[in-house]
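Engineer: Let me give you the structure first, and then I'll get to my questions.
The values are calculated or read from the model by the stated rules, or taken from the named source; none is laboratory data. Owing to the predicted nature of the structure, the values given are computational and were not obtained by experimental measurement. A quick note on method: Cβ atoms are made from the backbone with ideal geometry, for glycine too, and the neighbour counts reach across all protein chains shown.
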Amino acid sequence: MPQNAVKRGDTVLEVRGITKRFPGIIANDDIDFDIKAGEIHAILGENGAGKTTLMKILFGLHQPDEGGIYVHGEKVNFRSPLDAIHLGIGMVHQNRRLIPAHTVIENIVLGHPRAGTILDLKRTGEEISELCDRYGFKVDLKAKVWQLSEGEKQVVEILKALYRGAKILILDEPTSALAPPETKKLLASIKIMTGDELAVVPFITHKLPIVLTISDRVTVLRRGKVTAHLKTADATENSLAQEMVGREVIFRLERVEVEKGKPILQVENLSGLNDKGALALRGVSFSVHEGEILGIAGVSGNGQQVLAEVLAGLRRALGGNVFLDRINITHCSALQRWLKGMGYIPSDRIDVGSIGDYSLAENVFMNYYFDDEFSKWGIVDSIKVRRLTEELISEYGVVAPGSDTTAKSLSGGNLQKLILARVLSRKPRLLIANLPTQGLDVGATEFVQNKLLEAKKERAGILLISEDLDEILSLSDRVAPIYEGEFMGIIPVEQAKREDIGAMMAGLKPQVART
Amino acid sequence: MKLGGYEVKLEKKLKVTGWEAAIISILAILVALALVSLIFLQAGVNPLVGYKAIFSYAFANLFGLPLTINRSVFILLCTCAFIVPMRAGLWNIGMAGQLYAGALGAFAVALAFGAKGSQGMNLAPAIVIPSMMVGAVLGGGLIGAIPGFLKGRLNTNEIVVTMMLNSIAFWLVSYMIKEGGPFMGGGGEGEGYKLPQSIYAPLILGGPFTIPIALGLAGLLHFMFARTKTGYQIKAYGLSPSAARYAGISAYNVPLLVFLIGGIVSGLAGYHYFAALPGVFKITRNYGDLGDLSFYGIICGLISQGNPLAAIPIALLFGGLTNGGRFVQGQLKIGFGIDYALLGVLMITLVAFQFFYRHSIVWHKSRRES
Amino acid sequence: MWEFVARSLDASTIFTIAALGELIGQRSGILNVGIEGIMLFGATMGFIVAKSTGSYLLGFLAAIAIGALIALLHGFFSITLGGDQVVNGMGIWILGFGLTAYVGYPFTGPLGMERIPEIVGLSPFFYVGVALIVITWWVFSKMNLGLRIRSVGENPSVAVVSGIDVTRTRYLSVVASGMLMGLAGAIYSLNYNPVWSINFLLGWGFIALALVFFSMWNPFILLGGSILFGSLWQLSLNPQLLFPDVLSRYIWRTIPFIMTIGVLVLMSTQWFSSRWGAAKPEALGQPYEEG
């Protein structure tokens, strides 16, 4: 690989006519673009536009059906990530490809050809420190990765790619898990990298402002095809959004006003441990009223999951109290909470929210097996269950051949609709919705959000946990940013400014009064 | 992989129908029988002759058939004991220990009613026999409940616990029937005492009454899984423990319940073999062989895919094979332990065929248009 | 008294080596609950070959070879076919249990060969065991190979994008583990208790499995645990050494098994389980699928 010959502006990577098909769908359709040394070239597209497939092809995890990849003008064939790594392509994944139990150095050196039979961790550490100094990264090399924050983990992945000699750095959603201050630091480091003639290719879904701030050029994907190549200077947020979605994009839902009732949920000083035994929830106190949506905004890993599980009865509280309509349910089992009118929509719809090998009717029964209406003397009235399931399927528009199909054959959106149907049909007085629209396409997301508003109209109290700040701001009545297990404030949505909430999510104290 | 103008691929299956599963299971059995015929060959015996001898003794012989049926019932009970925890996603390989405990329980009750003494029983058989069964149920249930309780409360590995209990119960039985233990029989042969005739198990149609009980139990368990709330919860826990917990199904109670049932059914198997079979009526000196036979419950359970009714014909088949195998090994000079070899080969064949439950071989025309 | 200690250490050797084999396999993410099966194969084949040829060396080599072969089978089912590893392990166990009962029966009885000479009063295999423990520790903490194996066991998809061949690494570990288990079985049948009978390993393979969990995948804790269990085993066979005339000898035989259950219960306590969860190779027992 000709290293010295590369100048800023040279084409280092070219993609011509890349096509990739999967059963029933063309994920990438005749894609062309080029990457130049020293530039930041953003690839933009919605979920399902084909970004993930394209990334995997560039990194050797998939083979294209047609077309070719050219590195420095020569056609290359990646049979595995190893080939891509050899040619200087490095990838930083969204779902961290790191080993939490190992140290930073061990992760960086894993699989490195120069690692030798016996590991010389001291020398490796020195070399990595040099890289850190050069690009402005700060991370404790001896720490175990599970102890690091999301931003630090991303730094480790970047260092790993750089240490392997990457000259083209592919970043998968680099800022989605970062709070604003960390984003700033990352962008600064990226600028230094491009100064070294590296090329940086971020793949981004919807952080349009980031795209405009940082990139030199943008390529937009929609439904597997390239719809635009732009110089960033020529683009605006709206023009990019249009290219992505193909129609006028409406950013806000219609607000629903409901008169707030009494508090249905009261939480006092609740704390809890995460799976590693660390304190993830530090004494939060709040209440949720009938007919209101309290939105918990936070970057994942700040205690929301633990909060949801403690409230649902799936995790023991370390301390504090939970009152449902003034009854202390802190030590009640999950079943008792369902019986008392709590409903929980879990973030993991496949492994927790449903049983893939059970039929749709059997899945609906998950919330009805304790209901005497549906079983007499222990024997299940399966006809009644099936009838209920068919009603729910049609009411919620679940696309499926019948109530006997297995749940695992449903798409993500349909599965979430089924779960929603099942939980909401019990008319819960308190609904906990944990990342309810995660991974869903635009249509399904809209559906779910409307159903939440309907539940609000029926005077349920709703606790909404989401990583999507837009979703929180458009649905909630009050917003509570969470950071490292604490609420940074509880703010009525009229007073909530996007920048302030974003800052609080990153742990910065607001200038806004608490409620 | 390409063959001619077609592409052969392995694809994940979304669902296995009952028929597909049955065909795969039958194929597995046939392959295993074919592999075991290698052992026949190695001993200089024509496999077809060998198998014919086995099957004719097992199923067509006046003495062999009842023995086959008795064995099959034993295997059926062990299978049910394996199946119930299996549907909950748990492994019960402790049938041996549970059946030993059941036998101890039954004989303890009989002893308490004076069965060992020479003056005869002081209570009517109509009371003693059911009490003995209760003893078997308690003994097996207690030993069975331990791994279930530990799994539910502490998430301890049930495979190791059940295996350990097998050994513990094994030595307990030795203690009871050998070297002056409380159940020792009079002959000084290191075996348990023999039951007096008055409490021999009553016969129905020439076979011990445990036969219809076992069949009824299999039917009952099948009904439980197919149509009851309890069965639904057990299956849910087995398919997805985290989803079951989410739905409020108790992760404490399900393991305890299924192992309790498993222990009880195994205990009944112990009662069946040691206290109800004509010609036995005592804990025999080589009681360990029965523990070994109980492992057939594992294979039978896997083949029947957890369906207690499907287990009935399969248990019958294995009862016949093991019975015939033992009889024939002396006759044809094959060497001791052909039934053990069959056990081993069957199990590994079945494990290999697990692959086909999840994948199907699919033929595509090459060069599909988009 | 020394005799008791010596025999305890001899017994512990077998636990050590078998459990070490499983530790290596588990570190790469492969769970094998059929340790007993592989040990039975090693013990039986080693016994048969040694008795037939009169050579200890050939016996041990045969045991190691069959151990590798059977482990390869387990590897094929678990790695290439991606099946349920617990089911596969059960299959390996029953296969071993069944086949060795048949194959070994004609050889029932004592080995009838001169015993392998001891070194400083202990069987030479004790030292082999300790050496293997140290080597394993060193490989895992200081060598690149160890890092690669550990990574494959923690997160194979990360290993893949780092350029490591997950399949090859796992097969290597599994075969190594099978060799050790076969060796341990042969030590039992050729050195510790050279008399063949059906199922003569009496559940030691399962105790070894428990030991691996107990050790939290640390070779030195494993060594300590093995010594403890070796001592318990010796005690159960000769209770008169410490407790003359208390309880029938049959009851004493149950002690090691009761203790194993006790150890497992201990491991469920809070102190243990959080450390255990952290030490556990995250991908243990999960088949890896490409893409």
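Engineer: Residues that are among the small types (Gly, Ala, Ser), at pLDDT below 95, at negative phi and surrounded by fewer than 20 Cβ atoms within 10 Å (Cβ to Cβ): does the range B:284-295 have at least one?
Structural biologist: Yes: the range B:284-295 contains one or more residues that are among the small types (Gly, Ala, Ser), at pLDDT below 95, at negative phi and surrounded by fewer than 20 Cβ atoms within 10 Å (Cβ to Cβ).
Engineer: Filter the range A:362-383 for residues that are in a strand (DSSP E or B) and either exposed (fewer than 14 other Cβ atoms within 10 Å of the Cβ) or polar (S, T, N, Q) (or both); which is nearest to the other protein chains (Cβ to nearest Cβ)?
Structural biologist: A:375
Engineer: Within the group C:103, C:87, which residue is more than 21 Å from the chain's Cα centre (by Cα), of a type outside the set (Phe, Trp, Tyr) and closer than 17 Å to residue B:345 by Cα?
Structural biologist: Step by step, each of C:103, C:87 is checked, and only C:103 is more than 21 Å from the chain's Cα centre (by Cα), of a type outside the set (Phe, Trp, Tyr) and closer than 17 Å to residue B:345 by Cα.
Engineer: Would you call residue A:426 surrounded by fewer than 19 Cβ atoms within 10 Å (Cβ to Cβ) and more than 22 Å from residue A:310 (Cβ to Cβ)?
Structural biologist: So residue A:426 does not fit the description; no.
Engineer: Which one of these is touching a strand residue (DSSP E or B) at 6+ places or on another chain (Cβ under 7 Å) and either within 26 Å of residue B:87 (Cα to Cα) or touching a residue at least 12 places away in the same chain (Cβ under 8 Å) (or both): B:298, B:283, B:334?
Structural biologist: On inspection, the qualifying residue turns out to be B:283.
Engineer: Taking the condition of a type outside the set (Phe, Trp, Tyr), touching a helix residue (DSSP H, G or I) at 6+ places or on another chain (Cβ under 8 Å) and at pLDDT below 95, does residue C:164 pass?
Structural biologist: Yes: the conditions hold for residue C:164.
Engineer: If you don't mind, another one. For the range A:1-106, list the strands (runs of 3 or more DSSP E) that sit wholly inside it and hold at least 1 residues that are farther than 30 Å from residue A:122 by Cβ and under 26 Å from the mean Cα position of the chain (by Cα); which are they?
Structural biologist: Here the list reads A:11-22, A:25-36, A:41-44.
Engineer: Select, from B:343, B:309, B:317, the only residue that is part of a helix (DSSP H, G or I) and under 13 Å from residue C:98 (Cβ atoms).
Structural biologist: Result: B:343 is the single residue among B:343, B:309, B:317 that is part of a helix (DSSP H, G or I) and under 13 Å from residue C:98 (Cβ atoms).
For (1) free of Cβ contacts under 8 Å to residues at least 24 places away in the same chain; (2) away from chain C (no Cβ under 14 Å); (3) assigned to a helix (DSSP H, G or I), each residue gets a yes or a no:
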{"position": "B:115", "(1), (2), (3)": "no, yes, no"}
{"position": "B:139", "(1), (2), (3)": "no, yes, yes"}
{"position": "B:156", "(1), (2), (3)": "yes, no, no"}
{"position": "B:159", "(1), (2), (3)": "no, no, yes"}
{"position": "B:164", "(1), (2), (3)": "yes, no, yes"}
{"position": "B:167", "(1), (2), (3)": "no, no, yes"}
{"position": "B:180", "(1), (2), (3)": "yes, no, no"}
{"position": "B:211", "(1), (2), (3)": "no, yes, yes"}
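Engineer: In the range B:51-107, what residues are within 14 Å of chain C (Cβ to nearest Cβ) and more than 23 Å from residue C:206 (Cα to Cα)?
Structural biologist: Within the range B:51-107, just B:104 meets the criteria.
Engineer: Listed residues B:344, B:279, B:319, B:288; which is out of contact with any Gly (no Cβ under 8 Å at 6 or more places or on another chain) and within 13 Å of chain C (Cβ to nearest Cβ)?
Structural biologist: Just a single option satisfies the conditions, and that option is B:288.
Engineer: Of everything in the range A:75-90, what is more than 7 Å from chain C (Cβ to nearest Cβ) and not basic (Lys, Arg)? Give them in sequence order.
Structural biologist: Answer for the range A:75-90, where residues must be more than 7 Å from chain C (Cβ to nearest Cβ) and not basic (Lys, Arg): A:76, A:77, A:78, A:80, A:83, A:84, A:86, A:87, A:88, A:89, A:90.
Engineer: Is it the case, given these coordinates, that residue A:221 is surrounded by 18 or more Cβ atoms within 10 Å (Cβ to Cβ) and closer than 21 Å to residue A:107 by Cα?
Structural biologist: It is false that residue A:221 is surrounded by 18 or more Cβ atoms within 10 Å (Cβ to Cβ) and closer than 21 Å to residue A:107 by Cα.
Engineer: I'd like to know if the range A:110-131 contains one or more residues that are away from chain C (no Cβ under 13 Å), within 26 Å of residue A:176 (Cα to Cα) and either within 27 Å of the chain's Cα centre (by Cα) or hydrophobic (A, V, I, L, M, F, W, C) (or both).
Structural biologist: Yes, because at least one residue in the range A:110-131 is away from chain C (no Cβ under 13 Å), within 26 Å of residue A:176 (Cα to Cα) and either within 27 Å of the chain's Cα centre (by Cα) or hydrophobic (A, V, I, L, M, F, W, C) (or both).
Engineer: What residue, of A:479, A:423, A:442, is more than 29 Å from residue A:383 (Cβ to Cβ) and at pLDDT 90 or above?
Structural biologist: A:479
Engineer: Another question, if that's okay. Among the helices (runs of 4 or more DSSP H) contained in the range C:20-104, which hold 1 or more residues that are at the interface with chain B (Cβ under 10 Å from one of its Cβ atoms) and under 25 Å from residue C:227 (Cα atoms)?
Structural biologist: So the answer is C:35-53, C:85-104.
Engineer: Sticking with this structure for a sec: Considering only residues of the range C:163-214 that are of a type outside the set (Lys, Arg) and within 14 Å of chain A (Cβ to nearest Cβ), which is nearest to residue A:163 (Cα to Cα)?
Structural biologist: Checked the range C:163-214; the qualifying residue nearest to residue A:163 (Cα to Cα) is C:163.
Engineer: Shifting gears a bit: Which one is surrounded by the fewest Cβ atoms within 10 Å (Cβ to Cβ), of the residues in the range C:238-275 that are more than 8 Å from every other protein chain (Cβ to nearest Cβ) and modelled with pLDDT of 85 or more?
Structural biologist: Only one residue fits best here, namely C:262.
Engineer: Determine which member of the set B:73, B:84 is buried (at least 24 other Cβ atoms within 10 Å of the Cβ), aliphatic (A, V, I, L, M) and closer than 29 Å to residue B:236 by Cβ.
Structural biologist: B:84
Engineer: Here's another thing I want to ask about it. Suppose we filter the range A:36-63 for residues that are surrounded by fewer than 23 Cβ atoms within 10 Å (Cβ to Cβ) and either closer than 23 Å to residue A:234 by Cα or within 14 Å of chain B (Cβ to nearest Cβ) (or both); how many remain?
Structural biologist: Of the residues in the range A:36-63, 7 are surrounded by fewer than 23 Cβ atoms within 10 Å (Cβ to Cβ) and either closer than 23 Å to residue A:234 by Cα or within 14 Å of chain B (Cβ to nearest Cβ) (or both).
Engineer: Could you tell me which of the residues A:354, A:300, A:347 is polar (S, T, N, Q), at the interface with chain B (Cβ under 10 Å from one of its Cβ atoms) and in a loop (DSSP other than H, G, I, E, B)?
Structural biologist: None of the others qualify; the one that does is A:354.
Engineer: Being of a type in the set (Val, Ile, Thr) and more than 14 Å from chain C (Cβ to nearest Cβ) is true for just one of B:334, B:314. Which residue is that?
Structural biologist: Within the list B:334, B:314, the selection yields B:314.
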